[in-house]
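Chemist: Below is the structure I would like to discuss, written out as structure tokens.
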Amino acid sequence: MIRLALLCRDEAERLPALAEALGDVVSSTAILVDDRTSDDTAEVAERVLPNASIQSFRFEDFSQARNALLSFARAGLAARDYMLLLDPDSPLT
């Protein structure tokens with residue numbers, strides 16, 4: 001199993017392209033959405049990403065947000081599972 005882990009803030013426009021590029025590579029997604037997001041990032045993520053688990057979070061600084069994402073994404077992973085950590089605007093070809 002591969003779980004995609006994403007930090008998001010106002011990424012609704014980018015998520016469909018990311019989901020299309022990933023295809024069926026990932027089996028689940030853990031997304032931490034900044035609670036100051038002004039678009040429909042969470043709704044788009046639920047629609048386009050596989051088995052999306054979404055949590056709202058106040059990003060104070062990048063390292064704090066990344067650590068929170070890693071903790072959130074690790075929940076439920078088995079020892080043989082993998083985590084793919086990407087930014088929503090990561091170019092995938």
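The values are calculated or read from the model by the stated rules, or taken from the named source; none is laboratory data. Given the structure is predicted, the values throughout are model-derived calculations rather than measurements. When we count neighbours, we look across all protein chains shown, and the Cβ atoms used for this are built from the backbone with ideal geometry, even at glycine. Remember, those area values only see protein heavy atoms, side chains included, never the ligands or the DNA or RNA. Shrake-Rupley method; radii C 1.70, N 1.55, O 1.52, S 1.80 Å.
Chemist: Got a number for residues in segment 56-93 being in contact with a helix residue (DSSP H, G or I) (Cβ under 8 Å, 6 or more places away or on another chain), exposed (fewer than 15 other Cβ atoms within 10 Å of the Cβ) and in a strand (DSSP E or B)?
Modeler: Here the count works out to 1.
Chemist: Something else now. What are the pairs with Cβ atoms under 9 angstrom where one residue, in segment 16-28, is open to solvent by less than 20 Å² (accessible area, probe 1.4 Å) and the other, located anywhere, is of a type in the set (S, T, N, Q) and part of a loop (DSSP other than H, G, I, E, B)? Sequence gap at least six, or different chains.
Modeler: Short answer, once both residue conditions are applied: 18/90; 26/51; 28/51.
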